There are 2 protein chains.
Amino acid sequence: MKKTEELIQSAGQAGSGACDSFHATIEFIGKRWMGIIIYHLLDGPKRYHELAAEIDGISDRLLTERLKELEAHGFAVKRAVPAGRKVEYELTDKGYAFEPVIRSILTWVKQNGSCTKDRT
Amino acid sequence: MKKTEELIQSAGQAGSGACDSFHATIEFIGKRWMGIIIYHLLDGPKRYHELAAEIDGISDRLLTERLKELEAHGFAVKRAVPAGRKVEYELTDKGYAFEPVIRSILTWVKQNGSCTKDRT
DNA sequence: AAACAAGCTTACTAATAGTAAGGTTTATTC
DNA sequence: GAATAAACCTTACTATTAGTAAGCTTGTTT
């Protein structure tokens, strides 16, 4: 049995169906800034401008876009904060369930160092 | 202490340095097709055309580009297969160390279903 | 009431990805 | 042994996505 098949088996699914879900998922969370946004939301609910301040280099345009996508895919909910026209974003259970993924990446970084940003 | 700080602590690093490495790493592996290529290479060494055949939808151009990036960042090595002008790509230890990340994503998929590809 | 901040949106440019074709070297087939 | 095909790229071009900068609206502060 191939290693990839074992991985899929251990994840409890068989065949290309699992692979497709995996593909869709990894491409979704691989979108630029997505992982970092999820990472920061693991802290708990945050306001738009908090995220904007914490995530160095992200633009309003993409932060808004990514937050909308997180909402649309059920990773996060947007909530109006009472008293004021402020909003807050919070991960859903589905979103919080991503913590092990983030954690495993942090572990990898610890053991293997970073990826530099330079292109070949 | 914030959750993100705890995550960083548990990964054995402190401050924004760890966050930057994390950022660089997640953006690198988040590039389109990168995760899927790594996933397929977890099987062991593979030829170019094997990857091309297994990864549905990828083009020669991007497969070549991603493989070069994996090489340049020390995730994989390219080897000439003796007898023939064939090449083979194999993950390095650094690359194989990514298995837990892939595994955690598969676990997430099992528990939470896929992300559909449709945009909002 | 003037000025400022939050949370977007819009318009435009730059970078990245997708598509299709072709090129070169090796293997295969007639 | 010439023709064909397959492996492994490369190039040129289009389409999609990201980055930059400005502005707009509602609400808050002074």
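Points worth noting:
- Loss of accessible area when A meets B, both sides summed, Å² nearest 100, probe 1.4 Å: 5600
- In nm, spacing of pseudo-spin labels at A:Val87 and B:Asp60 (7 Å Cα→C-beta vector): 4.5
- With the whole protein complex present, A:Glu27 retains an accessible surface near 40 Å², based on a 1.4 Å probe.
- Segment B:Gln111-B:Lys78, length gained on full extension (0.36 nm per residue, minus Cα span): 8.3 nm
- Remark: label point of B:Thr92 defined 7 Å out from Cα along the Cα-Cβ vector; separations to the same position in other copies 4.0 nm, ascending.
- Each Cα pair under 8 Å and six or more residues apart adds its separation to the average, and for region A:15-109 the resulting relative contact order is 27 percent.
- Nearest-first distances (nm) between copies at A:Glu65, label 7 Å from Cα via Cβ: 1.6
- Kirkwood Rh in Å, taken over all unlike Cα pairs in region A:15-109: 14.1
The values are calculated or read from the model by the stated rules, or taken from the named source; none is laboratory data. Computed from a prediction, not measured in an experiment: that's the story for all the values here. Neighbour counts are summed over all protein chains in view; Cβ atoms, including those assigned to glycine, are modelled from backbone coordinates with ideal geometry. These accessible areas exclude ligands, DNA and RNA; they are computed on the full protein's heavy atoms, side chains included. Shrake-Rupley method; radii C 1.70, N 1.55, O 1.52, S 1.80 Å.
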